[in-house]
Amino acid sequence: MSIAPQGRWLRPIAALALAVLATSCAARVAREEPACPAPADPVETICARDAEVRSLRARFRAEVEAAGETRTAEGILLWRAPGTMRVKLFTLAGITVYDAILSGDASRVRATIRQPLADRTERLDLATGETPSSPDADLALVLWALLQPRCAARPDATQVPSAGTFRLDPASARATERDATVVAGELREETLTRIAASGASERVVARYARYDCTEMPPLPRRIELDAPASGWRAQVTILEQTRNVALDAALFVPPGDLDDAGD
């Protein structure tokens, strides 16, 4: 299957990356907003999402800078723990331009990536350690990984020299390393390191801001994502999000598969 040129796939995928991360991580508080109540134990700050957020529905707007251009995109996210995710991006007219569905665990992930306007569909079945060669599917897998549980094992600060940074068990995220940094009771940064399809080590850094304190644990409303090796960065604003919602299993079935099941 052909791959779209970098400038064409990078803008929607980077926006997609920010959207998924915005729904999954705790945040750094902006100066103009009061801090949310924070646990005294930083490990509790890191692990609270695992125990208390089992599903999420969010609407977002992202601003993406790539190849000297800045573009915006809007979309929705559906996520159900532990390993099912769907993200859609739309035109201003409401037409779907990107639809990614991923489901699996540390040992195996199945993914369907659809770009309806380009009449392009990519299906993947990835074993442990495998990453896709196409950039859009590859980044979708990173997003899925960052939504996986942080605390399958207790975070360990002794392995990381930086103050406030904890080494997480990377297995659930199909990563070689996974770190989280807590400052003043807030989870401000998370990094995920894994081996890309090229064989090179890839490190994505997510920085979080503007907690939504209306529910606990807080979720961020603004995210910065920096992927310098891939040449893009982005900011996302969460417009609306609801946690622990009932999500029908059919929402996570690719449209073509759902049509076939009804025949």
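Taken together, the values in this text are just the output of simple stated rules run on the coordinates, not laboratory data. Predicted model, so just to flag it, every value in this text is computed and none were measured. Here Cβ is always computed from backbone atoms with ideal geometry, including for glycine, and neighbour counts include all displayed protein chains.
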Extension gain, Arg59 back to Ser107 (0.36 nm per residue minus Cα-Cα distance, nm): 14.3 nm
Loop-located GluC sites (Glu not before Pro) in the stretch 182-234 whose Cβ has at most 15 other Cβ within 10 Å (DSSP): Glu215
Cβ-derived FRET efficiency at R0 30 Å, Leu247 paired with Met216, nearest 0.05: 0.90
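First select every other residue whose beta carbon is under 12 angstrom from the beta carbon of Ile76; then total the charges, Lys and Arg +1, Asp and Glu -1.
Working: positive: Arg57, Arg59, Arg61, Arg86, Lys88; negative: Glu74, Asp99, Glu240.
Summing Lys and Arg as +1 and Asp and Glu as -1 gives +2.
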Phi to ³J(HN,Hα) by Karplus 6.51 cos²θ - 1.76 cosθ + 1.60 over the stretch 181-186, Hz, x for Gly, Pro: 10, 10, 10, 6, x, 10
Note, ³J(HN,Hα) from phi for the stretch 75-84, Karplus 6.51, -1.76, 1.60, rounded to Hz, x at Gly and Pro: x, 10, 10, 10, 9, 9, 5, x, x, 10
Positive minus negative residues near Glu52 (Lys, Arg vs Asp, Glu; Cβ under 14 Å): 0
Mean separation of Cα contacts under 8 Å, 6 or more apart, over the residue count of the stretch 8-262: relative contact order %: 27
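Report the local net charge at Gln159: Lys and Arg +1, Asp and Glu -1, summed over other residues whose C-beta lies under 10 Å from its C-beta. Write down the numbers at each step before the final one.
Details: positive: Arg167; negative: Asp156, Glu177, Asp179.
Net of charged neighbours comes to -2.
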Karplus (6.51, -1.76, 1.60) ³J(HN,Hα), θ = phi - 60°, over the stretch 246-254, in Hz, Gly and Pro reported as x: 6, 10, 5, 4, 5, 5, 9, 9, x
Other-chain or far-sequence residues with amide H under 5 Å of Asp169's (modelled H): Ala152, Ala153
